[in-house]
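Shown next, in structure tokens, is the structure this report addresses.
Read-outs: derived from the displayed coordinates by stated rules, not from any lab. Quick caveat, the model's predicted, so the values are computed rather than measured. Don't worry about glycine lacking a Cβ; one is built from the backbone with ideal geometry, like all the others, and counts go over all protein chains shown.
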Amino acid sequence: MATSEQARRRRWRRTEGSVFLALCLAATAAALVALVVLLITVGADGIGRVSWDFVNSYPSRFPEQAGIRAALLGTIWMMAFTALIAIPVGIGAAIYLEEFAPRGWLTKIIETNINNLAGVPSIIYGLLGLTIFVRVMDLGRSIIAGSLTMSLLILPIIIVSAREGLRSVPPSIREASLALGASPWQTVRFQVLAPALPTMLTGIILALSRAMGETAPLIVIGALTFIPFDPSGPGSAFTVLPIQVYNWISRPQAGFQETAAAGIIVLLAALLTMNAAAIALRGYFERNRRW
Amino acid sequence: MPVDAMEAPAPAPAPSWTFAHRSTSARRVREWPIYALLFACAAVSVITTFGIVFTLFEETVRFFEEISIVEFLTGTEWTPLFTNKHFGVLPLLNATLMIALTAMLFAIPLGMGVAIYLSEYAPGRVRAVVKPVLEILAGIPTVVYGYFALTFISPEIVRRLFGSDTPLFNALSAAIAMAIMILPLVSSLSEDAMRSVPNALREGAYGVGANKFEVSTRIVVPAALSGIVAACILAVSRAVGETMIVVVAAGNQPNLSLNPLEGMQTMTAYIVQISLGDTPRGTLEYSTIFAVAVMLFLTTLLLNIFAQWLIGRFREGYE
């Protein structure tokens, strides 16, 4: 039979538990509220400025005439070259490490290295790009210099997710292929790569969306903030959306805040689409996995 | 997957399966250029590291040929662009650490609350929705957080709480925005750590009459502690290296102060300030950004190594 002391203790334990759950729920709610408030604030500030004219105009000293045409084109150019460079190198590195690397000190160094590189602040990549690509290789403050810098920045992300994709392919597939006389490379090329691709793709989309939002490294390598023309190729001077947004935020005139918010809306719309695509892709392929 | 894959890849376990030394066929010999090419791809990461070390340290050596390392590390004034130059990095270091730690002050309790809720309480459906939604926070460009700090957090929260004479650009607003940004990193990695605590531990505790609160706080959290601590350290490292939020919202004045309501300049913000200006290459002012960058690089490197070591230790615990 429970004494009153035990009853009180039991009540206390129940209260304690409910209070704790309430706190945890509050934390989760707070995080979600922060996201909603952020989206609403930016949306309310900028939605009035989003129009075809805004997308199709060059930057201007007058906030109501300023647009993102050059920045958007610069972003597209930079993303295209970043993808062209980073995806093959990243997948190549992942294939080597996951499938062919002998387990020795060299592999261990490369792996530790990739983990450390993933934690290097992005602005340091900017200094690397400035010295190596802009100065030593003399590429100037061009799209290609920016893309190379960005590629190095997102390479660790691509390698890690590509390895995850390769690891999800069961060894029995490889053994079967080898048993039929295929060489290791043929096995990877024809049997392993295709089923690993969906997971890789998810990681690649996320890595590219990271590159799309990065600002600091491109500021450091000297992407300009005022480009009143269309970038014309890999050697062209350029700016990107986040830099254009930053430039507008840092101006004192009130009208530019609105313009900045409109730029952010376009940027977020593109990023959220990419994220949604990555999540949808992952969901789809997880449901349709063959093993 | 997104957050941990993006921000903090854990040390990859040894490949479960590898072709190395398994085949001696003639085709393998003929295919050597392919293997060489693949190896070259993997070597890019090592070359990148050498590139970073070489770039940073070359200019830094030049800097320390003129400025004593003691002045750099102990000086309390940072005015490399003034006529009266001082090269004490403490104001930048102080701002960097203060903003990062203030951000953690918000992000750790909130992140832990989210992680415990998602791992221990939330029904699978809720978790499947909330987790990716929160990870959107990690994917928002930091320049957007800068805008949010400047146009919402500072005027609507900080100035309302601490009086309208608080400067619009202040360290606290930047720290709050940063806390929102790193929250999903803390919660996602902590949640992974908690979920990998074996269920037998939980069941054992329920078996002796513990309730959910007791299981969460006295069994799961302690068991996952090293993973949680590692997540927090990685978050600190992220906060230390974060740039655009502080450039936009923290005020950009080197200021050795412990008052978060003042404007401050972090190491990253200083690098951006010089990059935006027209400081000519080869000058002492130009080499300052590399000295500051070395400081930043070493700080984050130590934090990352420590975090990885913790994760590694934690992994072994349940194998």
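Some points to look at:
- Size of charge dipole - region B:205-319 - debye, nearest 20, with Cβ of Lys, Arg +1 and Asp, Glu -1, no other charges: 320 debye
- Sites B:R160 and A:V19, calculated FRET efficiency, Cβ-Cβ separation with R0 22 Å, nearest 0.05: 0.20
- Of the GluC sites (Glu not before Pro) in region A:58-128, those whose Cβ has at most 15 other Cβ within 10 Å and which sit in DSSP loop: A:E64
- Exposure proxy for A:I68, A:I249, A:I173: other Cβ atoms within 10 Å of each Cβ, ordered fewest to most, give A:I173, A:I249, A:I68.
- All C-alpha to C-alpha distances of the protein assembly as shown, sorted into 10 Å bins beginning at zero, yield P(r) values of 3, 16, 26, 26, 17, 8, 3, 1, 0 percent in whole numbers.
- Charge tally around B:F64: other residues with Cβ under 12 Å, Lys/Arg +1 each, Asp/Glu -1 each, net -4.
- Per-residue mean of C-beta atoms belonging to partner chains within 10 Å, peptide A:29-40: 6
- Whole-number percent relative contact order across region B:236-319, with pairs defined as alpha carbons under 8 Å at least 6 apart: 28 percent
- Rg/Rg_globular for region B:195-319, with Rg_globular taken as 2.2 N^0.38 Å and Rg from C-alpha atoms: 1.57
- Span-like helix ranges in chain B, DSSP H, alpha carbon extent 18 angstrom or more, Kyte mean at least 1.0: B:32-66, B:90-116, B:171-195, B:225-241, B:284-317
- Most fluctuating residue given options B:M267, B:M244, B:M178, as computed from a GNM of chain B linking Cα atoms under 10 Å: B:M244
- Test item: Cα-centred dipole of region A:1-151, Lys/Arg +1 and Asp/Glu -1 on Cβ, debye: 780 debye
- Dividing the summed helix terms, -39500 (n - 2.57) for each DSSP H run of n ≥ 4, by the number of residues in the protein assembly as shown produces a 222 nm estimate of -22500 deg cm²/dmol to the nearest 500.
- The charge dipole of the protein assembly as shown, taken about its Cα centre with unit charges on the Cβ of Lys, Arg, Asp and Glu (plus for the first two, minus for the last two), comes to roughly 1920 debye.
- 17 Å Cα-Cα reach of B:K85 towards aspartates and glutamates, excluding residues that sit fewer than 8 places from it in its own chain: B:E65, B:E66, B:E71, B:E77, B:E285
- Selection from B:P80, B:V46, A:A182 lying farthest towards where the dipole of the protein assembly as shown points positive, charges on Cβ: A:A182
- B:E71-A:Y58 pseudo-label distance in nm [points 7 Å out on the Cα-to-Cβ vector]: 4.6 nm
- Among A:I279, B:L137, B:A171 the positive-end extreme of the charge dipole of the protein assembly as shown (Cβ point charges): A:I279
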